[in-house]
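The values are calculated or read from the model by the stated rules, or taken from the named source; none is laboratory data. Given the structure is predicted, the values throughout are model-derived calculations rather than measurements. Here Cβ is always computed from backbone atoms with ideal geometry, including for glycine, and neighbour counts include all displayed protein chains.
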Amino acid sequence: MQQRAAVCFFLGILSFLIFLQPAMAADVKVTLYETDFSTDPGWITNNPSYYYWDVQREAYHFQTEGGTNGYSFLPVEYQRGPFTLEYDLVITSIKKDGAVRFGMTNTDMDISKGVNVLGVFEYEQYGRLMAIRVIDQNNHLHETTSQYDSYCGDQPNCATKQFAENTTYRVVIRYNDELTQADIKVTNTETGELLWGYFVPIGDQLYYLNRLAITTKGDYAIGNTAEGYIDNISLTTYVTVTPTTVVTTPPTTVPTTIPTTVPTPTPTESPVSPATLCAALVAAAGIAILSWRR
């Protein structure tokens, strides 16, 4: 008997607690910015002859060059948390030491100091390399390139991966604030082949990222031009949303006629209130404990 009373008591408490549980929070995907450049994106640039919307191609033209402090950007409503940046990139020509750097930055848009998360395509001593480059708010550089000893070292079948001119690549950059790392994936849009992808550990969460930008600020080389187009940009994040329970009151029906005979009401039992239910459960617990002791 004692065991049965105890089981009933705990089952009652469990049911009551489940009834009182709030709605569970969920992460919802939110698009912060998206464009296919079918219309003028309205980006802000300090060099409109190098950075502009190509109306015929419906893509955004760039020509990067060191020593010019050239940039083009768009402010975005991002504060913190994970994000995913996707875009198409084609480089029509690139000279030695030239580079295309596009991603999330702060207001400085300087490639030599934080904060930024950039996908980088550059022509350097090891060839036409790709990279994921992060500079945090403490100005610490975190970078992994597609040069073999940067991302895979002595692993079997490890080779340097290089991009090609006049080839369109789909670039996906992700920042994970819980793991404090960023990663990149570069895919050939024509063949669907994954050209290269890797991650870079950061070790700290990033703040103050507030714009999408392609920039050469901090690049002081001369004559290192790179030209091409960016297209089909998408910037998304996840926000935590707690659903709310909406209580609706059913409409009351007002009778159009008043009955002449008022029937005698039949007594009915009132529903047990939560307070009464709690008191009953506590009393049951006390009885169960006393019975058990006896």
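Looking only at the range 122-145, which residues are surrounded by fewer than 21 Cβ atoms within 10 Å (Cβ to Cβ) and of a type in the set (K, R)?
Once the filter is applied, which keeps residues that are surrounded by fewer than 21 Cβ atoms within 10 Å (Cβ to Cβ) and of a type in the set (K, R), the range 122-145 yields only R128.
Need the failing condition index for M24 against (1) exposed (fewer than 10 other Cβ atoms within 10 Å of the Cβ); (2) of a type outside the set (V, I, T); (3) at pLDDT 95 or above, just the number.
With (1) exposed (fewer than 10 other Cβ atoms within 10 Å of the Cβ); (2) of a type outside the set (V, I, T); (3) at pLDDT 95 or above applied to M24, the lone miss is (3).
Tell me which residues, restricted to the range 210-245, are of a type in the set (F, W, Y) and assigned to a strand (DSSP E or B).
Of everything in the range 210-245, those that are of a type in the set (F, W, Y) and assigned to a strand (DSSP E or B) turn out to be Y229, Y238.
Does the range 4-17 contain at least one residue that is surrounded by fewer than 16 Cβ atoms within 10 Å (Cβ to Cβ) and either modelled with pLDDT of 95 or more or aromatic (F, W, Y) (or both)?
The answer is yes; a qualifying residue exists.
Against the conditions (1) without any contact (Cβ under 8 Å) to a residue 12 or more places away in the chain; (2) in contact with a strand residue (DSSP E or B) (Cβ under 8 Å, 6 or more places away or on another chain), where does T191 fall short? Just the number, please.
(2)
Consider the range 157-169. How many of its residues are surrounded by 18 or more Cβ atoms within 10 Å (Cβ to Cβ) and among the charged types (D, E, K, R)?
1
Return the pair list, or none, for Cβ contacts closer than 6 Å from residues in the range 143-156 that are in the same structural domain as G197 (by TED's automatic domain parsing) to residues that are surrounded by 11 or more Cβ atoms within 10 Å (Cβ to Cβ) and part of a helix (DSSP H, G or I), at least 6 apart or on different chains.
These pairs meet every condition: T144/S150; T144/Y151.
Consider S93 against the criteria (1) closer than 15 Å to N224 by Cα; (2) of a type in the set (S, T, Y); (3) out of contact with any strand residue (DSSP E or B) (no Cβ under 9 Å at 6 or more places or on another chain): it satisfies all of them except one. Which criterion is unmet?
(3)
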